[in-house]
Amino acid sequence: MSLNRMLSIRTRNIAVLFAAVTLIALSSCQSSEAPKASALKGFKGGETRQTLSPSSFTGDTARAYQAAPEIPEVLDSLYCYCDCEKHSGHKSLLSCYVDEHALNCDICINEALMAYELHKKGESMDAIRKAIDERFAHLSH
């Protein structure tokens with residue numbers, strides 16, 4: 001077999017291998033993108049478990065754990081942009097407060113505190129959701 005023929009076969013094999021690897025890599029990728037705000041309109045997680053007591057925490061963490069039992073319907077209507085739905089099986093932002101997940105997550109804490117402040121100001125659920133989406137969607141893991 002000639003040298004040119006061997007090089008041609010080798011080049012073709014490399015191209016086929018590259019195409020196969022690329023196809024496998026692309027097909028195994030899942031979108032890590034958080035749900036779009038428009039898909040979340042009317043979102044309700046359905047969390048029913050009791051939130052943890054804020055007395056076990058300090059600072060902003062305690063304030064966030066205090067907000068959870070005060071406005072559970074608000075937090076249960078918000079997507080948590082740390083994507084704990086995907087890695088911890090959470091239903092909504094409220095789920096972060098039924099266990100110690102929020103203890104180590106600034107996204108959870110800051111979302112809850114922002115939602116609480118907006119709720120105290122009398123903002124509607126749609127306005128709260130829009131503000132949370134605008135502020136946190138880009139942080140999605």
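What the table below lists for this structure:
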quantity	calculated
Residue within the stretch 84-96 that is farther than 19 Å from D133 by Cα, polar (S, T, N, Q) and not in a loop (DSSP other than H, G, I, E, B) present	no
Neighbours by Cβ (under 7 Å, 6+ apart or cross-chain): first from the stretch 49-76, among the basic types (K, R); second part of a helix (DSSP H, G or I) and surrounded by fewer than 19 Cβ atoms within 10 Å (Cβ to Cβ)	R63/L113
Count - residues of the stretch 16-72 that are in a helix (DSSP H, G or I) and at pLDDT below 95	18
Selection from the stretch 106-135 of residues that are more than 11 Å from L78 (Cα to Cα) and surrounded by 17 or more Cβ atoms within 10 Å (Cβ to Cβ)	I107, I109, N110, M114, Y116, L118, H119
Residue count for the stretch 56-66, restricted to those that are within 15 Å of D106 (Cα to Cα) and either of a type in the set (A, V, I, L, M, F, W, C) or crowded, with 18+ Cβ neighbours inside 10 Å (or both)	5
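The values are calculated or read from the model by the stated rules, or taken from the named source; none is laboratory data. Everything numeric in this text was worked out from a predicted model, so none of it was measured. Using ideal geometry, Cβ is built from the backbone for each residue, glycine included, and neighbour counts are taken over all protein chains shown.
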